[in-house]
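Student: Okay, here's the structure, questions in a sec.
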Amino acid sequence: MVAAGRDLLGCVFLKPEPDCLYIGKLAIDPAHQGKGLGRRLLAAAEETARSLGLPALRLQTRIELTENHAAFAAWGFVETSRSAHPGFSRPTSIDMRKVLRTS
């Protein structure tokens, strides 16, 4: 999480999986977007993955959120698959992965 005093500016959920660290619910307060806070949270996720011996990060983003696709791609994530939420006959989610460089 990123905070300024008592104000929450951003947060992310991290869940270790067998071959990666899953990133969920990455969110930045709209008033603070574009200031590098998302990049800071992703850097913390990378550090966490490395400390756990995990070689990659994984996330999902909704198909409609095209600006997020571009941001994640700029941060080194690549699309690995598409899936549909229950009740949908078309893809609604994009799975993305970033392989971490070894030191």
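Student: Is at least one residue of segment 14-26 at pLDDT 95 or above and touching a His at 6+ places or on another chain (Cβ under 9 Å)?
Tutor: No, because not a single residue in segment 14-26 is at pLDDT 95 or above and touching a His at 6+ places or on another chain (Cβ under 9 Å).
Student: Taking segment 80-94, which residues are loosely packed, with under 13 Cβ neighbours inside 10 Å and within 16 Å of the chain's Cα centre (by Cα)?
Tutor: Selection gives Thr80, Ser81.
Student: Separate question: Sort through Phe77, Phe72, Phe13 and tell me the only one that's aromatic (Phe, Trp, Tyr), surrounded by fewer than 16 Cβ atoms within 10 Å (Cβ to Cβ) and free of Cβ contacts under 8 Å to residues at least 40 places away in the same chain.
Tutor: Phe13
Student: If you take the residues in segment 62-103 that are of a type in the set (Val, Ile, Thr) and outside any loop (DSSP other than H, G, I, E, B), which one is modelled with the lowest pLDDT?
Tutor: Among those that are of a type in the set (Val, Ile, Thr) and outside any loop (DSSP other than H, G, I, E, B), it is Thr66.
Student: Hey, another quick one. Can you confirm whether Ala45 is in contact with a strand residue (DSSP E or B) (Cβ under 8 Å, 6 or more places away or on another chain), farther than 15 Å from Ile94 by Cα and part of a helix (DSSP H, G or I)?
Tutor: Yes, satisfied.
Student: Could you look through segment 51-69, keep only residues that are among the charged types (D, E, K, R) and surrounded by fewer than 16 Cβ atoms within 10 Å (Cβ to Cβ), and pick out the one that is nearest to Tyr22 (Cα to Cα)?
Tutor: Within segment 51-69, the match that is nearest to Tyr22 (Cα to Cα) is Arg62.
Student: State yes or no: is Arg82 within 14 Å of Met1 (Cα to Cα) and among the charged types (D, E, K, R)?
Tutor: The answer is no for Arg82.
Student: Here's a follow-up. Suppose we keep only residues that are more than 12 Å from the chain's Cα centre (by Cα) and touching a residue at least 12 places away in the same chain (Cβ under 8 Å) within segment 33-61. Which one would you say is nearest to Arg101 (Cα to Cα)?
Tutor: To start, the set of residues in segment 33-61 that are more than 12 Å from the chain's Cα centre (by Cα) comprises 33-37, 47-55.
Imposing the further condition that a residue be touching a residue at least 12 places away in the same chain (Cβ under 8 Å) reduces the set to 37, 48-50, 52, 54-55.
Working: Leu37: 21, Thr48: 14, Ala49: 11, Arg50: 10, Leu52: 14, Leu54: 11, Pro55: 8 Å.
If we take residues in segment 33-61 being more than 12 Å from the chain's Cα centre (by Cα) and touching a residue at least 12 places away in the same chain (Cβ under 8 Å), then Pro55 is nearest to Arg101 (Cα to Cα).
Student: I would also like to ask the following. Taking into account only those residues within segment 6-15 that are over 11 Å from Ala45 (Cβ atoms) and assigned to a strand (DSSP E or B), which is farthest from the chain's Cα centre (by Cα)?
Tutor: Asp7
Student: For segment 79-95, enumerate the residues that are in contact with a strand residue (DSSP E or B) (Cβ under 6 Å, 6 or more places away or on another chain) and of a type in the set (A, V, I, L, M, F, W, C).
Tutor: Result: Ile94, single match.
The values are calculated or read from the model by the stated rules, or taken from the named source; none is laboratory data. Everything numeric in this text was worked out from a predicted model, so none of it was measured. Positions of Cβ are generated from backbone atoms using ideal geometry, with glycine treated the same way; all protein chains shown enter the neighbour counts.
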